[in-house]
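Heads up: the structure comes next, in structure tokens.
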Amino acid sequence: MYFAFADNMDENIIRKICPGVSFEGVAELPDHKFVFNKLGKATIIEEANSSVWGIIWCLSCKDIYRLDKKEKEDLGVFEKLNQTVRLLDGNTLEAFLYLTPSTPEPRPNPDLLEHVVEQATFWSLPSDYISYLKSLAA
């Protein structure tokens, strides 16, 4: 299970990399915050009482290999972590995600942010989370 919280929420993008992917649901990663790093890449940091919302994709081993390769090419150095996420029905599951280690920067990549907001809206993520994402453009 893969927790996508940025451009990989887009089914068209993820299917190009991982053709066997299947949608499992919308999920929340509690006590974390969506931010951008110095390079304008989306990442998350630990922050109590905050949440990151995203999509859970089920991937085959072959698709995970393809995604690892793509993320390494796109992000350079990244951390792949397993985290417990909460589905909309309240159940939890373990999913992996990618982080780009760095301190957050106030200036996001505007095109990436716009795409993340579009995907958050498409997947009907919570309105307060979408408002937070939009506020990052200010």
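Computed values, structure above
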| quantity | calculated |
| --- | --- |
| Residue order, fewest to most surrounding Cβ atoms within 10 angstrom, among S51, S60, S135 | S135, S60, S51 |
| Square roots of 5 times each gyration tensor eigenvalue, C-alpha, the range 1-80, largest first, Å | 21, 16, 10 |
| Simple label model, 7 Å out from Cα along Cβ direction - E79 to K62, nm | 3.2 |
| Derived scalar couplings ³J(HN,Hα) [the range 63-68; Karplus, 6.51 cos²θ - 1.76 cosθ + 1.60; whole Hz; x for Gly, Pro] | 5, 4, 4, 4, 5, 4 |
| D (Stokes-Einstein, µm²/s), Kirkwood Cα radius, the range 28-138, 1.567 mPa s at 4 °C | 87 |
| Other-chain or far-sequence residues with amide H under 5 Å of G25's (modelled H) | I56 |
| Exposure proxy ranking, count of Cβ atoms within 10 Å, fewest first, for Y98, Y132, Y65 | Y65, Y132, Y98 |
| Whole-Hz couplings from phi, Karplus 6.51/-1.76/1.60, listed for the range 4-16; x for Gly and Pro | 9, 10, 10, 5, 6, 5, 6, 4, 5, 5, 5, 5, 5 |
| Residue-wise HN-Hα coupling along the range 40-45, computed from phi with Karplus coefficients 6.51, -1.76, 1.60 (Hz; x: Gly, Pro) | x, 8, 6, 8, 9, 10 |
| Pair I45, N12: separation of 7 Å Cα→Cβ label points (nm) | 3.3 |
| Neighbour cut-off at most 14 other Cβ (10 Å), DSSP loop, trypsin sites (Lys or Arg not before Pro), the range 36-138 | K38 |
| Environment charge of V85, counting only residues whose C-beta is closer than 9 Å and scoring Lys/Arg +1, Asp/Glu -1 | -1 |
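Every number in this text was worked out from the coordinates using simple rules, so none of it is lab data. Owing to the predicted nature of the structure, the values given are computational and were not obtained by experimental measurement. In this analysis, Cβ positions are derived from the backbone assuming ideal geometry, glycine residues included, and neighbour counts consider all displayed protein chains.
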